[in-house]
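Novice: This is the structure I want to talk about, given as structure tokens.
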Amino acid sequence: MTEDDIARARAAYLRDGATVLRGVLDAEWIDRMRDAIERVIAAPSESAVEYTPQGQSGRYVGDFFVWMRDPDFADFVLRSPLPALARAMMGSQVSRLFYDQLLVKEPGTREHTPWHQDLPYWPVRGEQVLSLWIPFDPVTIATGAVQYARGSHLEKKLYAPRAFSADSGFGALYAKMGLEPAPDEAALRKRYEIVCWETEPGDVLVHHPLTFHFSAGNLSPVVRRRALAVRYLGDDARWDARPGTFVEKDTIRNGLIEPMAFADGDVPESANFPVC
Ligand SMILES: O=C(O)CCC(=O)C(=O)O
């Protein structure tokens with residue numbers, strides 16, 4: 001990737017709220033992470049969530065802060081090309097790891113990821129906050145590519161988060177926020193162009209935390225959709241002590257390296273959120 005590629009991607013990210021960078025990661029990273037993902041999903045942690053109801057086909061499984069338990073995930077999120085990419089996209093001096101989120105949709109999974117913005121779920125605010133979404137399989141719309149409402153981040157408004165599944169235990173937490181319900185799919189489609197990139201392993205999607213996005217199930221009978229979303233914080237990111245964010249969930253808190261004791265407006269300086 002040249003400096004021009006990076007500059008073009010940043011301009012697209014700021015304008016559209018999402019973009020793609022091709023060929024960022026080499027095959028060695030992809031192979032190593034595929035092995036690590038197998039280990040992690042074979043022995044789910046306390047924070048893992050099975051979004052596919054028992055008895056249904058496929059498996060949609062997620063997990064949070066995986067880097068704290070697995071050395072390959074830690075190397076990937078702290079020492080691969082990702083932190084520098086996040087820094088460049090944010091226009092930030094530092095790249096602080098917020099957390100990583102594993103999102104695997106096995107063949108035959110019907111569960112969608114609902115339309116949502118990321119920021120309402122999170123106890124942070126700032127302009128320099130973003131997600132990198134990394135696929136470890138070829139991903140098409142039919143296997144659950146992420147779709148984005150182009151430019152929806154520019155409204156700069158937080159809508160109520162949606163739980164990824166009814167019985168994940170997150171719904172009651174999010175209700176504490178008292179935010180306005182998010183527009184439904186029809187309203188988003190009417191208002192915004194929906195954009196989507198089919199990706200190969202090595203590519204990286206970048207999205208703004210206020211961009212509405214969603215993915216359908218993985219309808220392929222054979223192709224997996226293994227992905228990791230990695231969230232980074234830049235210079236201006238500060239703790240936001242709003243009630244109801246995902247770190248209040250006991251299964252998440254229990255897995256952290258140290259307890260969180262931030263006041264609203266603090267820089268999130270902690271072993272939980274290392275500078276890369
Ligand atoms: O992987 C998915 O289906 C959704 C990803 C997502 O919502 C995110 O990375 O914020």
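The values are calculated or read from the model by the stated rules, or taken from the named source; none is laboratory data. Keep in mind the model is a prediction, meaning the values are calculated, not measured. Don't worry about glycine lacking a Cβ; one is built from the backbone with ideal geometry, like all the others, and counts go over all protein chains shown. Accessible surface areas use protein heavy atoms only, side chains included; no ligands, DNA or RNA. Shrake-Rupley method; radii C 1.70, N 1.55, O 1.52, S 1.80 Å.
Novice: Name the single residue that is nearest to the ligand (Cβ to nearest atom) among those in the range 98-114 being charged (D, E, K, R) and not in a loop (DSSP other than H, G, I, E, B).
Specialist: Filtering the range 98-114 for residues that are charged (D, E, K, R) and not in a loop (DSSP other than H, G, I, E, B), the one nearest to the ligand (Cβ to nearest atom) comes out as 105.
Novice: Out of all the residues in the range 17-57, which are out of contact with any Asp or Glu (no Cβ under 6 Å at 6 or more places or on another chain), open to solvent by 70 Å² or more (accessible area, probe 1.4 Å) and under 23 Å from residue 196 (Cα atoms)?
Specialist: 26
Novice: Within the set of pairs 6+ apart or on separate chains, which have a first residue in the range 226-237 that is more than 14 Å from residue 269 (Cβ to Cβ), a second that is within 16 Å of the ligand (Cβ to nearest atom) and among the polar types (S, T, N, Q), and C-beta atoms under 6 Å apart?
Specialist: Going by the 6 Å Cβ cut-off, the qualifying pairs are 229/101; 229/131; 231/131.
Novice: Considering only the range 247-270, state which residues are touching a helix residue (DSSP H, G or I) at 6+ places or on another chain (Cβ under 9 Å) and assigned to a loop (DSSP other than H, G, I, E, B). Step through it out loud before you land on a result.
Specialist: Our first condition is that a residue be touching a helix residue (DSSP H, G or I) at 6+ places or on another chain (Cβ under 9 Å); within the range 247-270, this holds for 247-249, 252-253, 255-257, 259-260.
Scanning the range 247-270 gives 249, 255, 256, 257, 259, 260.
Novice: Take residue 4 and tell me if it is charged (D, E, K, R), assigned to a helix (DSSP H, G or I) and open to solvent by 60 Å² or more (accessible area, probe 1.4 Å).
Specialist: Working: charged (D, E, K, R): yes; assigned to a helix (DSSP H, G or I): yes; open to solvent by 60 Å² or more (accessible area, probe 1.4 Å): yes.
It is true that residue 4 is charged (D, E, K, R), assigned to a helix (DSSP H, G or I) and open to solvent by 60 Å² or more (accessible area, probe 1.4 Å).
Novice: While we're looking at this one, here's another question. Could you please find all residues in the range 137-171 being within 12 Å of the ligand (Cβ to nearest atom) and either assigned to a strand (DSSP E or B) or under 16 Å from the mean Cα position of the chain (by Cα) (or both)?
Specialist: 139, 144, 145, 146, 147, 148, 161, 162, 164
Novice: Still on this structure: Counting only residues that are assigned to a strand (DSSP E or B), open to solvent by less than 20 Å² (accessible area, probe 1.4 Å) and more than 26 Å from residue 181 (Cβ to Cβ), which one in the range 206-240 is nearest to the ligand (Cβ to nearest atom)?
Specialist: 227
Novice: Now, a different point. Does residue 134 fit the bill of being within 13 Å of the ligand (Cβ to nearest atom), open to solvent by 10 Å² or more (accessible area, probe 1.4 Å), closer than 28 Å to residue 224 by Cα and of a type in the set (A, V, I, L, M, F, W, C)?
Specialist: Considered against the rule, which asks whether it is within 13 Å of the ligand (Cβ to nearest atom), open to solvent by 10 Å² or more (accessible area, probe 1.4 Å), closer than 28 Å to residue 224 by Cα and of a type in the set (A, V, I, L, M, F, W, C), residue 134 comes out as no.
Novice: Are there any pairs, at least 6 apart or on different chains, whose C-beta atoms fall under 7 Å, with the first in the range 113-132 and among the β-branched types (Val, Ile, Thr) and the second in a strand (DSSP E or B) and within 12 Å of the ligand (Cβ to nearest atom), and if so, which?
Specialist: 113/214; 113/215; 124/98
Novice: Has the range 99-108 got at least one residue that is surrounded by fewer than 18 Cβ atoms within 10 Å (Cβ to Cβ) and either at pLDDT below 95 or not aromatic (Phe, Trp, Tyr) (or both)?
Specialist: Taking the range 99-108 first, the residues surrounded by fewer than 18 Cβ atoms within 10 Å (Cβ to Cβ) are 107-108.
Right, trim to either at pLDDT below 95 or not aromatic (Phe, Trp, Tyr) (or both) and you get 107-108.
Looking for residues that are surrounded by fewer than 18 Cβ atoms within 10 Å (Cβ to Cβ) and either at pLDDT below 95 or not aromatic (Phe, Trp, Tyr) (or both), one finds at least one in the range 99-108, hence yes.
Novice: While we're here: For the range 66-97, what are the residues that are in a loop (DSSP other than H, G, I, E, B) and surrounded by fewer than 22 Cβ atoms within 10 Å (Cβ to Cβ)? It would help to see each step written out before you state the result.
Specialist: First pass over the range 66-97, keeping only residues in a loop (DSSP other than H, G, I, E, B): 69-70, 80-81, 91-95.
Once the filter is applied, which keeps residues that are in a loop (DSSP other than H, G, I, E, B) and surrounded by fewer than 22 Cβ atoms within 10 Å (Cβ to Cβ), the range 66-97 yields 69, 70, 80, 81, 91, 92, 93, 94.
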